[in-house]
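So the structure is just underneath, and the comments pick up after that.
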Amino acid sequence: MAKNPGDPYPLVQVENYERYVGAEVVERILEKARPLQDLRVVHVNSTYYGGGVAELLSPLTLLMNSVGMATEWRAIQGPPDFFNITKKMHNALQGADIHLTSLKATIYEEVVYENAVRNRLDHDRVVIHDPQPLPIVRYSRKRGPWIWRCHVDLSNPEPSLWAYLKPFVEQYDATVLSIPEYARELSTPQVFFMPAIDPFSIKNREMSEAEIEERLQHHHIPTDLPLVVQVSRFDRWKDPEGVVAAWRIARKEMPCTLVLLGNMAADDPEGQKVYEEVMRHKDERLIVLSREDTALVNALQRRAAVVVQKSLREGFGLTVAEAMWKGTPVIGGNVGGIRHQIEDGHNGFLVDSVDQCAQRIVQLLRTPKLRNQLGHHAHETVRRRFLLTRYLEQYLDLFNAFEA
Ligand code: UDP
């Protein structure tokens, strides 16, 4: 997109990625974007802040504009009841039990209907993210293809909930899931591609040692011992209790400080409770922080000797990709999307239990050479496979497929 002389800030352009992905990829993307010039695109999710989807949409919508599509981002609104119900749905899509009464279903559908009225979704391409706004397709007039982009681990959804949601899903022209293991039986096409990260964001860009030190000191994080870090929303699927248990075992062999940094998402009502539970473990070597500080995430992921993402379910772990980009070895739960991000023993470790996690922490803390080696491969993996240009290109392919 041509820059106006009056543009005050240099927004990320696809050309900026050339240094990481090469000129050929950038050229290819611009070529694929050509037939889509001025196409009106809208992404709809349920929060502008907190969690991976908001994190993705923020740079993705800018990047789509930078290649010439008029791309908007809307977040649906709703009362706490609504988000309590959708959080239960989110949990049940990942396998938990749910008792979806007809009253709850009515609240869910009504709130989504109100959002359909408020947001006239008459765009050429509409991308609806996750289950919260899913039924909106039923209450909108389609002007072009509609895509449901589901970010959760759909490998084993609670059957009664899936039976309820499936007819909504089948009103979409395509469903995008992160990995083929999440495929469901649907009458409509399914496409698979994983999220990616923006290397230019405050969270991911280079930081000097002095800047890192300043952020850690500001939050009183001791750096005399190696840091083991997990950055995650306070959510049971992220298994903070398991991380604490693993650290307790590991520290007996290798003294270290555990930092659990988390935030709350506007669409996740369980965060506060989980945070309070985790806070009970806090001591001078176990730091639990709930802060909105993006540069702190960056500093921690860079300074950590080991990053842990011991999720029990994970559609795709943005935090995993973020830490890998920084050349930090990651120990990830052997689940969902993380299995496609970490190749065990090559660019990180996958673990199935607290004990395994503890063993890997000890091994990595003992062996700086191994940390460097895994970290180096981790960075390369993200450069090749998990930068936003790849994600953008897959959306362009999808949008173009409808054009044909
Ligand atoms: N995040 C953050 N601060 C926190 C915790 C998480 O900025 O205290 C960010 C994290 O860096 C990542 C996103 O929130 O970009 C979480 O995405 P992920 O895919 O890891 O998990 P989700 O929250 O979507 O389940």
Residue set 28, 34, 40; condition over 26 Å from the mean Cα position of the chain (by Cα), among the basic types (Lys, Arg) and modelled with pLDDT of 95 or more; output residue 34
Does residue 379 qualify as being assigned to a loop (DSSP other than H, G, I, E, B), in contact (Cβ under 8 Å) with a residue 12 or more places away in the chain and more than 19 Å from residue 227 (Cα to Cα)?
no
Can you tell me which residues in the range 287-329 are of a type in the set (D, E, K, R), within 11 Å of the ligand (Cβ to nearest atom) and out of contact with any strand residue (DSSP E or B) (no Cβ under 9 Å at 6 or more places or on another chain)?
292
Select from the range 189-234 the residues that are among the hydroxyl-bearing types (Ser, Thr, Tyr) and either farther than 20 Å from residue 261 by Cβ or open to solvent by 50 Å² or more (accessible area, probe 1.4 Å) (or both) and list them in ascending order.
208, 223
Any idea how many residues of the range 301-345 are over 15 Å from the mean Cα position of the chain (by Cα), part of a loop (DSSP other than H, G, I, E, B) and more than 19 Å from residue 359 (Cα to Cα)?
2
Conditions first: (1) within 21 Å of residue 142 (Cα to Cα); (2) within 16 Å of the ligand (Cβ to nearest atom). Residue 57 passes all but one, so which condition is the exception?
(1)
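Matching residues to (1) more than 9 Å from the ligand (Cβ to nearest atom); (2) at pLDDT below 95; (3) open to solvent by 10 Å² or more (accessible area, probe 1.4 Å):
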{"site": "236", "(1), (2), (3)": "yes, yes, yes"}
{"site": "239", "(1), (2), (3)": "yes, no, yes"}
{"site": "250", "(1), (2), (3)": "yes, no, no"}
{"site": "285", "(1), (2), (3)": "yes, no, yes"}
The lone condition residue 365 fails out of (1) within 24 Å of residue 195 (Cβ to Cβ); (2) out of contact with any helix residue (DSSP H, G or I) (no Cβ under 6 Å at 6 or more places or on another chain); (3) open to solvent by less than 20 Å² (accessible area, probe 1.4 Å) is (1)
Applying the selection to the range 148-159, what residues are in contact (Cβ under 8 Å) with a residue 24 or more places away in the chain and either in a loop (DSSP other than H, G, I, E, B) or surrounded by fewer than 20 Cβ atoms within 10 Å (Cβ to Cβ) (or both)?
150, 151, 152, 153, 154, 155, 156, 157, 158
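The values are calculated or read from the model by the stated rules, or taken from the named source; none is laboratory data. Everything quoted here is computed from the prediction, not taken from an experiment. Reconstructed Cβ throughout: ideal geometry from the backbone, glycine too, with neighbour counts over all protein chains shown. With ligands, DNA and RNA removed, areas are computed over all heavy atoms of the protein, side chains included. Shrake-Rupley method; radii C 1.70, N 1.55, O 1.52, S 1.80 Å.
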